[in-house]
Amino acid sequence: MSDNGGRAHSNDERPATLIAELTYRCVLRCPYCSNPTDCGDARYRRELETEEWVRVFHEARRLGVLQLGLTGGEPLLRRDIVELAAGARAAGLYSTLVTAATPLPRERLIELRDAGLDHVQVSIQDATPEESDRIGGTPGAFPKKIEAARTAKELGFPLTLNFVLHRHNLDRLGGMLALAEELDADRVELANTQYYGWGLHNRDALMPTREQVERSRDVFEDARLRLGSRMDLLYVIPDYFEEFPKPCMGGWGRRAIVMAPNGDAMPCQAAASIPDLTFPNVRDHSLDWIWWESETFNRFRGFEWMQEPCRSCARRDLDYGGCRCQALLLTGDARATDPVCSLSPLHDIVVQARENPELRPLVPLEYRSMKGTALSR
């Protein structure tokens, strides 16, 4: 087992998922966006061409990938989105369009269905038009989302609704679930904000209170008992309120590949925050080489890289030390135990961030910007 690249590592698993961030351009300005805060940087503007993405899809399938997420930014801002859906079908991948759905007319959905798109996931920011548009930073977006979701169902697509939860909307979780029921969603993802990128930038404004989190669990459990046979419900508890960390992306370099718009390959969406990593690019390397051989994908595989208490912890096979990006952002050391873990010697960083946010001044949200600096509103 080695931390330094090559096949002498402990990971024998092949990736199941390719997350294709087709572009970082977006119609929304969500203050928790997982895109890099420098998403407008020149290096991301040289997006992969259609034929490059299609080649990657075929390489991914040969590597073992089954599921493809066509995401962004807003993937529908790619003029070749229909061709990319067709390329995914030709490669034998199950494809999901992950979209804000504001530029999604019926005609485009029909084209995507006929090209072979399998599944549509629509993000909605809140249960009411006013609050959804306020959080997304884009007036008039909510009715377009609802229309697109209804049309997707009419055209026979499986429909997932994604709600990102935080202090500003968690009290309306019941309304979100009622909206999902009204739209006859097949799956609902209730994902509390992860504090990377823009989410970390806005952490003080987005952090829910403990009371909000506890109430939301009760609302979710009631809905699960009532709707569980009709729709698949997923509720992701905020990391900061957990006793132990989650296995980020199923473990570093174990289950997924994330591809930036310019072809940089990463083990997770936030990996670009680790400054000493050099990301292999599919313009220079095959996906097979990237997965098995690259130093970046091998950096945090196995256990040799771990510090104590992770290295000797019985949970190391369950959470793999938690999130490397979160460890870096909170401690300055990507090899440190994720401070979310109650066993971490630096756990107090998380405790201080999560406790009594209602006693702090309510700071304004700062919205995602392609210019690299947040815009207050």
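List of remarks:
- Residue-averaged 222 nm ellipticity for the chain, from DSSP H runs of 4+ at -39500 (n - 2.57), nearest 500: -9500 deg cm²/dmol
- Approximate spin-label separation I237-K153, in nm, with each point projected 7 Å along Cα-to-Cβ: 3.1 nm
- The lysine pair tally for the chain, using Cα distances under 26 Å and a gap of 8 or more places or different chains, is 4.
- Pairwise label distance in nanometres, E181 with H58, each label 7 Å out on the Cα-Cβ vector: 4.8 nm
- Selected from I19, A223, V351, residue furthest toward positive end of dipole (the chain; charges at beta carbon): I19
- Length added when fully stretched, R335-Y94, from 0.36 nm per residue minus Cα-Cα: 83.3 nm
- Fraction of beta bridges assigned by DSSP in the chain that are antiparallel (%, nearest 5): 15 percent
- Dipole magnitude for segment 148-305: computed about the Cα centre from +1 point charges on Lys and Arg Cβ and -1 point charges on Asp and Glu Cβ, it is near 180 debye.
- GNM top mover of P267, P275, P339 - the chain, alpha-carbon springs below 10 Å: P275
- In percent, rounded to a whole number, the relative contact order of the chain is 23, using alpha-carbon pairs under 8 Å and six or more apart.
- Max mean-square fluctuation residue, GNM over the chain, Cα-Cα springs under 10 Å, options Q212, Q269, Q125: Q212
- Computed accessible area, E51, all protein chains, 1.4 angstrom probe, square angstrom: 130 Å²
- Total charge dipole magnitude, the chain, about the Cα centre, Cβ charges on Lys, Arg, Asp, Glu only, Debye to nearest 20: 360 debye
- The accessible area of I237, taken with all protein chains in place and a 1.4 Å probe, comes to roughly 40 Å².
- Listed residue (V188, S123, L177) projecting farthest to the positive dipole end of the chain, Cβ model: S123
- Sequence-distant contacts, meaning Cα pairs under 8 Å at least 6 residues apart, place the relative contact order of segment 170-237 at 55 percent.
- The Cα center of segment 242-275 and the Cα center of segment 173-230 differ in position by 23 Å.
- By accessible area with a 1.4 Å probe, ligands and nucleic acids excluded, highest first: order of C325, C33: C33, C325
- Surface per residue (accessible, 1.4 Å probe) for the chain, Å²: 41 Å²
- Exposure of V219 as accessible area (Å², to 10), given a probe of 1.4 Å and all protein chains: 60 Å²
- Mean-square fluctuations from a GNM of the chain, with a 10 angstrom spring cutoff on Cα atoms, peak among G140, G197, G321 at G140.
The values are calculated or read from the model by the stated rules, or taken from the named source; none is laboratory data. Remember, predicted model here, so these are calculated numbers, not experimental data. Every residue, glycine among them, receives a Cβ derived from its backbone with ideal geometry; neighbour counts consider all protein chains shown. Note: areas computed on protein heavy atoms with side chains; ligands, DNA, RNA excluded. Shrake-Rupley method; radii C 1.70, N 1.55, O 1.52, S 1.80 Å.
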